[in-house]
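Taking it in order: structure first as structure tokens, then the write-up.
The values are calculated or read from the model by the stated rules, or taken from the named source; none is laboratory data. No experiment lies behind these values; they were computed from the predicted model shown. A quick note on method: Cβ atoms are made from the backbone with ideal geometry, for glycine too, and the neighbour counts reach across all protein chains shown. We work out accessible area using only protein heavy atoms, side chains counted, and drop any ligands, DNA or RNA first. Shrake-Rupley method; radii C 1.70, N 1.55, O 1.52, S 1.80 Å.
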Amino acid sequence: MFKVINKGNLELFNKAAKWHFNYYILRKPSPLVVVVYLTHNCNFKCVMCNFWRDEVKHILPIETFKKIVDDVKNSCYYFDLAGGEPTIVPDLLERLKYASDRIPYVHIVSNGFLINEKKARELGETGISEISISIDGIGETHNKIRGIKHAYPKAVEAVENLKKHAPNVKIVVNTVLGLAPMEEMYRLVELTEKMGVMHKFQPTMDHPEFNKQHSKADKKTELTKERKIHELEKFIQFIRKKKHVANSDYYLSHLPNYFRGQNNEGLFKEKCKAPYFYLEVTDDQVFPCATPMNWQNGFKLNVARLKDFYHSKAYKEKQKLCENCTKCSNNMYICYVEPRINFPIQSFLKYNFFHNIKSFIK
């Protein structure tokens, strides 16, 4: 589970051990992973995304943001700032510094368009651990997917700026499979390997729909054709051998059947424990997991202390209902599925250690 024993890993071990004790012994778990959606606003118009289509423009107030950090800092190890596009939030640097001073691992997802040399340097000075930059194809393909000119060179430039001016920040390139020609995926993997950054993949998927949006995301993909799926299987065999590809083998092995529509029975046999170690927050709602609650039926973010709220009877009842959700199998959100593959300890052993042994024997 830990490649190197260092301060960060020791903090993860301590918080994970505490979670196991609180969940299995005290029956009172607290969130280990917290995802905060700062805004639905975005400077891109990606074909597969619905956040920018939400006509209600809002940003989570910074005072509320700081309260969330203070309420989860004792249990949280991984704190993710998402959007929309986080870099368009005016006071982002202050938020990142505040979170990084209190939580071990802080991560943001960005399209990279605004990360010039100055911004890269400023991001590095906040103390964050990781930045994910989205790149879905080569050149004009990426520009079309992201709905804006120069998206591709700006994303590549963002990676280069971060490597040079924020050397202590881990960089990961995120790629959505099913939108670009498969031959470009090989070129993209070669690019990220040459740049010396990590690379993660996830498929096109059903995206949350909001009450006020002017259209739906385009999820069309030729990967529903068996010939294309065979190409995908060859690509997966290729990236399994790449050390800089961050996906688990278990996740990658289920992508072909996902595109065939054959994952409906679920990727996991046991009930979902994610609602007990996961917490998602929007500008006005709290979810143990937003997907089974349809992103619109969460708890109102209007309590004095968030940690009292997620230990409440009403919240525990919602966690119980989320246990039987199988939507991860139908969309394979990497932010949900990979944590379930790696946590808690019995899942890590089953879906990593023993799965990898079986794959090696085969």
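Looking across the stretch 274-317, just one residue is among the small types (G, A, S) and at pLDDT below 85, and that is A304. Of all the residues in the stretch 313-335, those that are open to solvent by less than 30 Å² (accessible area, probe 1.4 Å) and part of a loop (DSSP other than H, G, I, E, B) number 3.
Since Q296 meets every condition but one in (1) more than 28 Å from A17 (Cα to Cα); (2) free of Cβ contacts under 8 Å to residues at least 60 places away in the same chain, which condition does it not meet? Result: Q296 fails condition (2) only. Determine the pairs where a residue that is closer than 13 Å to R240 by Cα, located within the stretch 350-362, has a partner that is modelled with pLDDT of 70 or more and open to solvent by less than 100 Å² (accessible area, probe 1.4 Å) with Cβ atoms under 8 Å apart, the partner being 6 or more residues away or on another chain. Matching pairs, first to second residue: N356/D249; S359/D249; S359/S253.
Within the stretch 28-38, identify whether any single residue is open to solvent by 10 Å² or more (accessible area, probe 1.4 Å), aliphatic (A, V, I, L, M) and modelled with pLDDT under 95, and answer yes or no. No, the stretch 28-38 contains no residue that is open to solvent by 10 Å² or more (accessible area, probe 1.4 Å), aliphatic (A, V, I, L, M) and modelled with pLDDT under 95. Here S132 meets the list (1) polar (S, T, N, Q); (2) within 21 Å of N342 (Cβ to Cβ); (3) open to solvent by 30 Å² or more (accessible area, probe 1.4 Å) almost entirely, failing just condition (3).
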